[in-house]
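Below: the structure, in structure tokens.
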Amino acid sequence: MHSSLSNPSKIYCLLLLTILCGSLYGQSRFTLIGMSAILPGSGEIALGNTNKGIILLSSELVATYSFFKTDHDMSLQKKAYKNYALHYAGVPLDMPQGHYQAIQEYISSEEYNDFQEMMARNYYLIYYNDIQAYTEYMEANTYTGEESWEWQSAMHWETYKDMRKTHQKIKMNHNLALGIMLLNRAISIIDTAVMSNNTQLYASPNGLDGVMLNYEMRF
């Protein structure tokens, strides 16, 4: 567990050493932008804007730690709710995710199957009188045999729901961390391109009364 969370920091230490070594020789336009794409803030630091670079770099380190931490926590939480369902509802391990969603919504497979039967009967038998379609639907959308389940009590069922909600919250934080990492890169790439004087912002006429604002990036 400790090693899985420390790997990102080791990677960034190596990248920082690479940045420091590369600064001795000076960077091309592509190198500066590439540095910002790999490690946001590094391009700004190499160009002398240390304050902005440190802010982006700090944000990236926090987001990266959160990304790997939540990924680890998601794995633990998923394993926990699967084992809980095995012990208190008789659900075999490593069932499809749709199965774990179904046991969250219904206290037993019998209740789930009854609902599916009611829906299928109303649709296929009453409205269309299609017995074959009804049979095929029931075979494909009901749980029998080892797929069946029944929670030992409503308390166990509610506990499982809470565990699944916790997993979903962790997943949302995981996606948020990834979004921040991508945003940091986009900001750093654009900022580095502007600071390296490879861009030009100018206005040009557009029609009789309009003005167009143009943004040009040269490589």
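Any idea which residue in segment 110-130 is nearest to His99 (Cα to Cα), counting only those that are among the hydroxyl-bearing types (Ser, Thr, Tyr) and part of a helix (DSSP H, G or I)?
Within segment 110-130, the match that is nearest to His99 (Cα to Cα) is Tyr112.
Return the residues of segment 120-150 that are surrounded by fewer than 13 Cβ atoms within 10 Å (Cβ to Cβ) and under 26 Å from Ala85 (Cβ atoms); say none if nothing qualifies.
The answer is Glu139, Ala140, Thr144, Gly145, Glu146.
If I filter segment 104-123 down to residues being in contact with a Phe, Trp or Tyr (Cβ under 6 Å, 6 or more places away or on another chain) and hydrophobic (A, V, I, L, M, F, W, C), which single residue comes out as nearest to Gly145 (Cα to Cα)?
By that ranking, first place goes to Ile107.
Pull up segment 52-92, narrow it to residues that are of a type in the set (A, V, I, L, M, F, W, C) and more than 24 Å from the chain's Cα centre (by Cα), then point me to the one that is nearest to Asn175 (Cα to Cα).
Checked segment 52-92; the qualifying residue nearest to Asn175 (Cα to Cα) is Ile54.
Take segment 93-109 and flag every residue that is part of a helix (DSSP H, G or I) and closer than 22 Å to Met172 by Cα.
Listed by number, the residues that qualify are Gln97, Gly98, His99, Tyr100, Gln101, Ala102, Ile103, Gln104, Glu105.
So in segment 131-149, with the set limited to residues that are closer than 10 Å to Ala120 by Cβ and in a loop (DSSP other than H, G, I, E, B), which one is farthest from the chain's Cα centre (by Cα)?
Restricting to residues being closer than 10 Å to Ala120 by Cβ and in a loop (DSSP other than H, G, I, E, B), the top hit is Thr142.
Between Asp94, Asp114, which is on the phi > 0 side of the Ramachandran plot and free of Cβ contacts under 8 Å to residues at least 40 places away in the same chain?
Answer to the check: Asp94.
Considering only segment 39-49, I want to know if a residue exists there that is surrounded by fewer than 21 Cβ atoms within 10 Å (Cβ to Cβ) and either among the basic types (Lys, Arg) or assigned to a helix (DSSP H, G or I) (or both).
Among the residues of segment 39-49, not one is surrounded by fewer than 21 Cβ atoms within 10 Å (Cβ to Cβ) and either among the basic types (Lys, Arg) or assigned to a helix (DSSP H, G or I) (or both), which makes the answer no.
So Lys79 clears everything in (1) among the charged types (D, E, K, R); (2) part of a helix (DSSP H, G or I); (3) at pLDDT below 95 except one condition, right? Which one?
Here Lys79 clears every test but (3).
The values are calculated or read from the model by the stated rules, or taken from the named source; none is laboratory data. Keep in mind that this is a model prediction, so the values were computed, not measured. Note that each Cβ is placed from the backbone with ideal geometry, even for glycine, and that neighbours are counted across all protein chains shown.
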